[in-house]
Each structure stands twice: as structure tokens, then as C-alpha cells.
Amino acid sequence: AQTVTQSQPEMSVQEAETVTLSCTYDTSESDYYLFWYKQPPSRQMILVIRQEAYKQQNATENRFSVNFQKAAKSFSLKISDSQLGDAAMYFCAYRRLGQNFVFGPGTRLSVLP
Amino acid sequence: DSGVTQTPKHLITATGQRVTLRCSPRSGDLSVYWYQQSLDQGLQFLIQYYNGEERAKGNILERFSAQQFPDLHSELNLSSLELGDSALYFCASSVGGLNSGANVLTFGAGSRLTVL
């Protein structure tokens, strides 16, 4: 079974600085999808960014970008110019066709003013 | 507003009772997923429906059941409730089924269940 690992239970970053959250996954598939979801204190789950494994180009959404290393099975999220509103729980997720989403345990990010 | 509507937002009940959580998916989405999130824990997948049919089952207890109706809304029924069932229950929806590459989960705001 596929597993998703987020080795950093908690992280903190100074406002306006850059932080990188780690995610690794285990799969023998070559075609799959990866996601980062954010869960702020409101507990609403919000999609941050999505990456197709067949695309070599790293996905970017404004201040959020990923570093997708397929061979290493690594999918890290970089948040630039961190803002107080970025404080949240971040979940990495994996999915392949025909299968359901597999979520990691999450990383709690604190943003320090 | 994500477009996925969950009711009720909060629910407090006693052990042994039964509750029903309701979810209306985003317009155009055919799949509904249910997840359980206990305090400060990750997401546990419970069950998925596509266009009225059950398509995938996760760690769902026998005391729990769900269905998706012809209008695509879904209900999660929790019975013989125990203290450990206290959690945030999320509904999510997506356009396609498991074989759709375009699938992205859109989550509702969750239903917080407290069992006393």
C-alpha cells in the first residue's frame, strides 16, 4: 500500500521568510498525482497546489511552489514571503488512477511575527 | 465557500445514540467522500460514493453506514456512539470517480461531533 510521510510534525517560520515542508511517498507506479492541502485554524481543508507525476515542471501557485523529485519520491512545498495567514496544518497527499487519496500525517506550521 | 455543504456544523450527543451527518457536493461533482479527523490527527478515509454507488471503503466501523441519494447528496449515519467517535467529519466531493485523472478533492467545512 502507498504511504505518505511528512517527517516534520511542526515547523515555524518568521513572517516574510521562506519555509520548506517535506513530503516523501512510497509507490511503484509511474503515473500519479500529488497534492498539498492546508488546514487553517478554521479546520477547513483547502487545496494549495497539485502536481501530475508525468509533468517535469514543478507546479507553482503564487507564493507556493513545489520541488518534485520523482526518482527520490519527494514532493516538498516551499512557501515564500510567509504571511501570518499561512499558519496552518499542511497535509501532503498522493493519488493514482483507480485508487483513493492517501494523506500524510501533516505538518503544523507556525508563522512568527 | 467551497461549494460543498455539510450539516450540522456542530453536534453534541450522548453515548449509545445515533446521528446523521449530511453532505451536498459541489455542483457538477458526482463523487462524495467521507473522512474522519480526530483531535490533532490526520484524515482517516471512511467511504466513497460515485453517482449513487459505493466505490471504495476505508476504515469505516460496522456501526457507521452511508449512502448517496439520486440527487447526489450523501448521508453518514453513526450509531451506538462511543466517546471515541468524537471527531470532525469531513465530506469532500470530486468531479469524477477513481479513474478520473482530473480528480481534486473539494472539502466541506466539516461536522464536529462531540459524544458525551
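Within chain A, what's the longest stretch lacking GluC sites (Glu not before Pro) that sit in DSSP loops with no more than 16 other Cβ atoms inside 10 Å?
Free of exposed loop sites, the longest segment is A:30-113.
Can you work out the base-10 log of I(q)/I(0) for the stretch A:32-113 at q = 0.14, 0.21, 0.23 1/Å, using the Debye formula on its C-alpha atoms alone?
For the stretch A:32-113, the Cα-only Debye profile gives -0.47, -1.00, -1.17.
Based on Cα coordinates alone, diagonalise the gyration tensor for the protein assembly as shown, multiply each eigenvalue by 5, take square roots, and list the semi-axes in whole Å, largest first.
Output for the protein assembly as shown: semi-axes of 30, 21, 15 Å.
Report the Cα centroid-to-centroid distance between the stretch B:37-112 and the stretch A:1-29 in angstrom, as an integer.
Each part's Cα centre sits 25 Å from the other's.
Mind listing the phi-derived Karplus ³J(HN,Hα) values for the stretch B:90-100, rounded to whole Hz, using 6.51, -1.76 and 1.60 with θ = phi - 60°, and x for any glycine or proline?
9, 10, 9, 9, 8, 5, x, x, 5, 9, 8
Where both residues lie in the protein assembly as shown, what percent of DSSP beta bridges are antiparallel, nearest 5?
90 percent
Placing +1 on the Cβ of each Lys and Arg and -1 on the Cβ of each Asp and Glu in the stretch A:1-60, which of A:8, A:48, A:33 has its Cα farthest towards the positive end of the resulting dipole?
Farthest towards the positive end: A:48.
Over all directions, the average projected area of the alpha-carbon convex hull for the stretch B:1-67 comes to how many nm²?
Mean shadow area of the hull around the Cα atoms is 5.5 nm².
For the protein assembly as shown, what is the charge dipole size about the Cα centre, in debye to the nearest 20, if Lys and Arg each add +1 at the Cβ and Asp and Glu each add -1 at the Cβ?
With only Lys, Arg, Asp and Glu charged at Cβ, the dipole is about 80 debye.
Please state the Cα pair-distance histogram of the stretch A:1-78 with 5 angstrom bins from zero: what percent is in each bin?
3, 13, 25, 25, 20, 9, 4, 1
How large is ³J(HN,Hα) for each residue in the stretch A:96-101, as worked out from phi by the Karplus curve 6.51 cos²θ - 1.76 cosθ + 1.60 (θ = phi - 60°), to whole Hz, x for Gly and Pro?
10, 4, x, 10, 8, 5
Would you mind giving the average projected area, over all directions, of the Cα convex hull of chain B in nm² with one decimal?
Mean projected area of the Cα convex hull: 6.7 nm².
How far is it, in nm, from the label point at residue A:99 to the one at residue A:30 when both lie 7 Å from their Cα along the line to the Cβ?
1.6 nm
Under 21 Å Cα-Cα from residue B:9, which lysines qualify once same-chain neighbours fewer than 8 residues away are excluded?
Qualifying lysines at Cα under 21 Å: A:38.
Setting aside same-chain residues fewer than 8 positions from residue A:70, which lysines have a Cα under 22 Å from its Cα?
Straight-line reach from residue A:70, under 22 Å: A:55, A:78.
Every number here is computed from the coordinates shown, using simple stated rules; none is lab data. Because the structure is predicted, anything quoted here is derived from the model rather than measured. Positions of Cβ are generated from backbone atoms using ideal geometry, with glycine treated the same way; all protein chains shown enter the neighbour counts.
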